[in-house]
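Student: Mind looking over this structure? Questions follow.
Just so you know, all these numbers are worked out from the coordinates, no wet-lab data involved. Everything numeric in this text was worked out from a predicted model, so none of it was measured. Cβ sites come from the backbone with ideal geometry, for glycine too, and all protein chains shown count toward neighbours.
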Amino acid sequence: MKPSLAALALLSLLAAGCASNSGPGLRGAVANAALAPKSGSSSTGTVAFSPRGADAVMVTVDISGLKPNAEHGFHVHERGDCSAPDAMSAGGHFNPMGKKHGGMMEEHHAGDIPNLKTDAQGRVRASFEVKGMSVEGGPLSIIGKSVVVHRDPDNYKSQPAGDSGPRIACGVIQRL
């Protein structure tokens with residue numbers, strides 16, 4: 001039995017509606033940050049955050065205007081303030097548990113996130129899970145904090161922040 005033309009039209013509308021809600025960072029996101037350029041850069045983009053249990057978050061990024069074919073440090077910072085031209089108003093890394101700075105496979109700050117890797121056009125689109133933070137309440141909550149992109153890669157060793165250079169983009173994490 002063939003579906004009617006009206007049924008096909010309805011299915012098309014439903015599919016289009018689902019597609020519009022599944023773009024980068026939208027499916028399941030409960031918080032996001034709109035990144036603005038800092039330190040003379042032209043970097044902009046969005047970062048979305050979705051819960052993955054009590055102490056993990058799915059981070060979805062879509063950022064452009066970065067150095068092509070490069071790695072950039074990427075962190076949650078302690079204050080939701082991106083007002084300074086160099087984003088220093090965001091403070092240090094978010095670290096409510098007083099841990100050392102490090103990579104994802106070792107002890108690390110709640111604000112430590114993997115480096116971003118750009119394509120040949122200086123854009124990054126990626127999703128990854130980060131443990132040790134939350135978009136719910138409690139001491140690990142990143143709501144009201146800021147997310148910062150740095151010019152250089154994080155080396156995951158230097159204390160307290162990974163020696164990732166100037167802050168080139170910053171956005172305040174807000175609940176949707």
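Student: What does the charge count around Asp81 come to, taking other residues whose C-beta lies under 13 Å from its C-beta (Lys +1, Arg +1, Asp -1, Glu -1)? Please list the in-between numbers first.
Tutor: Working: positive: Lys38, Arg79, Lys145, Arg167; negative: Glu78, Asp86.
Surrounding charge for Asp81 is +2.
Student: Find, to one decimal place in angstroms, the Kirkwood hydrodynamic radius of region 25-175, where the mean of 1/r is taken over every pair of different Cα atoms and then inverted.
Tutor: Kirkwood radius, region 25-175: 14.7 Å.
Student: Under 22 Å Cα to Cα from Lys100, which lysines show up? Leave out anything in the same chain fewer than 8 places away.
Tutor: Within the straight-line cut-off, Lys100 pairs with Lys131, Lys145, Lys157.
Student: Run the reach check for Lys38 against aspartates and glutamates, Cα to Cα strictly under 16 Å, same-chain hits fewer than 8 apart removed. What comes back?
Tutor: Cross-link targets: Asp81, Asp86, Asp152.
Student: Then there is this: Quote the FRET efficiency, to the nearest 0.05, computed for Ser42 versus Gln174 with a Förster distance R0 of 25 Å and r equal to the Cβ-Cβ distance.
Tutor: 0.65
Student: Of the listed peptides 75-83, 141-149, 129-137, what is their order by residue-averaged count of other C-beta atoms within 10 Å, with the highest listed first?
Tutor: Result, highest mean first: 141-149, 75-83, 129-137.
Student: Would you pull out the residues with amide H under 5 Å of Ala169's amide H, same chain only if 5 or more places away, H placed 1.01 Å from N?
Tutor: Sorted by chain and number, the residues that satisfy this are Lys38, Val149.
Student: I've got another one for you. What does the charge add up to near Asp62, with Lys and Arg as +1, Asp and Glu as -1, over the other residues with Cβ less than 9 Å from its Cβ? It would help to have the intermediate numbers written out before the result.
Tutor: Values: positive: Arg123, Arg125; negative: none.
That works out to +2.
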